[in-house]
Structure formats: C-alpha cells, structure tokens
Amino acid sequence: MNSIRVVLSVCAADEYRMKQLDADTALLNSKLKDRVYMKVPFSIENARDYPCQLNKGIYGLKQAASAWNKTIHRVFLGNGFNCCGADQCVYVKHSKNGFIYENAKPVDNPCAPGLKLSKTQSPGTDAEQNAMRSKPYRSRIGRLLYITTRTRPGIAFVVTQLSRFLENSGQQHWNAAVCVLRYLKSSRQHGIIYQGGAHSVTLKAYSDADWGTNLDDRRYVSGVTVMIRNAPVVFKSKFQRTVALSSAEVEYMALSVCVQEALENVERGTVKVEYVNTKNQLADILNKALGTKTLKFLRDGNGIKEKITVP
C-alpha cells in the first residue's frame with residue numbers, strides 16, 4: 001500500500017490522468033515450469049482414474065502467484081517498462097522522446113516571472129547530493145539546449161540559466177527544468193515560421209541586456225535576435241565575461257554583440273540604429289523571465305507561431 005499511496009500522491013500533485021486496470025483470471029494465464037499433477041475435477045465422470053497435468057496455474061496452487069509475477073514482469077519489460085528498485089511491484093516507463101514527464105501538466109510559461117537561479121540552491125549536504133544523483137539533469141539540459149538552438153528561442157533564457165548548474169544541480173534547478181518540459185508540451189506545435197509572398201527582404205536586429213539576473217558573479221545576460229522578414233535567423237542568449245558598472249554599459253555591450261551579426265550591413269550604411277521601447281523589445285524574450293502575456297506577445301513578434309499543416 002505504501003507504493004500505491006506514493007504513486008497516487010505523485011499523480012495528484014502533477015495532475016496526471018490515472019487509470020485502473022485488472023487482469024481477468026490472472027493466475028490462469030501463467031505457464032508452469034514444474035510438472036504438477038492434480039485429481040480430475042469432481043464433475044468429470046469419465047476420467048476418474050486418470051490424473052491431470054497442469055500446463056498453467058490455477059487458484060490455490062502454491063506456485064500460481066510466483067508464476068503470474070514472472071509472466072507480468074516479462075510483459076512489462078517487453079513493453080519498455082523498468083522495474084523500480086525500491087519496490088519491484090512498481091514499474092516505470094520513460095517517454096519515447098527522452099523526457100520522463102511524458103504526461104506532464106502543460107503550462108503557459110517556461111519559467112516563473114522574475115526567475116533567478118543561483119549556486120546557493122545547489123546541494124550543500126551529502127544527502128541532498130545523493131537525492132539529485134537519480135535525476136538525469138545533464139541529459140535533460142542537453143536535449144533542451146539542442147531544441148533551443150534549432151527552433152525554440154522562447155526558452156533560450158531559462159535554458160541558458162539552467163546550463164550553469166550542470167556540475168552541482170539542486171532540486172530547485174530540477175524543478176525549473178521540469179517547468180520547461182511542461183511548457184514545451186503545451187506549445188509543441190509552435191516553431192519558427194518563414195513566410196513568403198513579399199517582394200522585399202527586410203533585415204531587423206534587436207538587442208537587450210539584463211543587469212540583475214545573475215546573483216553569483218553579477219555578469220549580465222545579453223539577448224540578440226536578427227530577423228529577416230519578421231522571422232529570426234540568429235538568436236542568442238548568453239552571459240558576458242565582463243562585469244558592467246551600470247545598466248547603460250550593459251546595453252552598449254549587448255548592442256556591440258548585435259552589431260557583429262550584421263557588421264557588413266552596418267559598414268554599408270544599410271542599417272541604422274533606432275531606439276526600441278520596452279514593450280516592443282523583441283530581444284527581451286532572450287534575457288528575462290517574463291510574464292505569460294508578455295511572453296506570448298514577444299513570441300509572436302519573433303516569428304514563433306503555431307505550425308500550419310499544408311495538405
């Protein structure tokens with residue numbers, strides 16, 4: 001019952017869908033390895049002088065429960081489940097896409113607004129470190145980095161934050177990574193959309209910086225996105241090596257990174273620098289933990305939209 005209560009608790013906390021199944025006449029479905037004989041059942045009159053050899057288990061047989069356990073164990077393993085080491089009656093199946101949280105509750109934001117992660121949240125005791133060893137933090141962040149650099153700039157900021165703690169990740173870091181997985185589930189149909197139809201090709205680049213996110217060494221986070229016809233072709237979210245002395249200084253440093261991506265156009269004079277107000281700053285999605293409403297607005301502005309299936 002302890003294992004059942006643990007499973008029910010996890011399902012309730014994460015709002016998983018639960019189903020209860022039953023195997024009809026379970027003990028009758030298991031083949032026996034031992035040779036077992038029994039008397040002919042009372043209702044069979046024409047074979048009273050013959051014994052019966054059992055091919056499968058029956059209720060009341062000592063080996064029946066053990067045989068059924070071996071049978072269902074093979075069935076679970078054959079369908080991709082793994083037996084839990086703490087309780088061999090519990091089986092866990094990892095999702096096909098490599099994420100444990102296949103049935104995770106969807107969320108509308110990859111991280112909490114104003115999220116700040118630091119090394120102070122890393123394990124400080126042996127017990128905390130042992131608890132984190134069972135969590136595949138590195139592999140999860142590796143997969144998230146791959147997705148980020150391909151088609152999902154909207155999670156670049158939080159994934160960049162999480163990648164700082166690969167050596168000694170804590171429970172809060174793991175919870176933040178799970179939140180990203182839940183967001184990806186709710187927005188799995190979204191991606192970068194490059195649209196046709198226009199006669200001119202316009203180049204736009206946005207840069208922004210956040211001065212107070214990094215609590216460990218105070219290095220600022222810069223965000224850069226370069227867009228062609230309102231869809232990103234270059235996007236970056238990274239910590240800079242220099243510690244800035246003011247917010248104005250970090251903005252100029254971020255602008256320098258942005259200019260490097262469009263240097264030839266700057267030298268030709270085809271690009272001009274303009275002020276962009278906070279509301280329309282598309283690079284904000286790369287260097288801040290935003291609220292859901294702002295996130296959706298900037299996500300659309302960055303050309304990250306729901307994919308349209310063409311028949």
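Bear in mind that the values in this text are calculations on the coordinates, not laboratory data. Not measured: the values here are computed from a predicted model. Every residue, glycine as well, gets a Cβ built from its backbone with ideal geometry; the counts of neighbours run over all protein chains shown.
Just a few scattered comments:
- Cα gyration tensor category, rounded, prolate or oblate, for region 198-306 with a/c compared to 1.5: oblate
- Residues whose placed amide H lies under 5 Å from that of S30, excluding near-sequence neighbours: G57
- When shorter helices are ignored and each DSSP H run of at least 4 residues is given -39500 (n - 2.57), the per-residue value for the chain at 222 nm works out to -10500 deg cm²/dmol.
- A cut-off of 5 Å between modelled amide H atoms, ignoring neighbours fewer than 5 places along the same chain, links Y220 with Q240, A244.
- GNM result for the chain, Cα springs below 10 Å: residue of N130, N214, N109 fluctuating most strongly: N130
- Relative contact order (percent, whole number), the chain, Cα cutoff 8 Å, 6+ residue spacing: 16
- Rounded to the nearest 20, the size of the Cβ-charge dipole of the chain about its Cα centre is 800 debye, with Lys and Arg at +1 and Asp and Glu at -1.
- 3J(HN,Hα) from dihedral phi, region 154-164, Karplus parametrisation 6.51/-1.76/1.60, rounded to Hz, x for glycine, proline: x, 10, 4, 4, 5, 5, 4, 4, 5, 5, 6
- Sequence-distant contacts, meaning Cα pairs under 8 Å at least 6 residues apart, place the relative contact order of region 119-190 at 43 percent.
- Ranked T71, T213, T202, criterion: other C-beta atoms within 10 Å, fewest first: T202, T71, T213
- Counting neighbouring beta carbons within 10 Å and listing from fewest to most, the residues L32, L298, L263 come out as L263, L32, L298.
- Least to most buried among H190, H173 (fewest other Cβ within 10 Å first): H190, H173
- Given R0 = 45 Å, the distance between the Cβ atoms of H73 and V233 translates into a calculated FRET efficiency of 0.30.
- Relative contact order (%) - criterion: Cα under 8 Å, at least six apart; region: region 19-93: 27
- 22 Å Cα-Cα threshold exceeded, pairs from K119/K279; K56/K93; K185/K293: K119/K279; K56/K93
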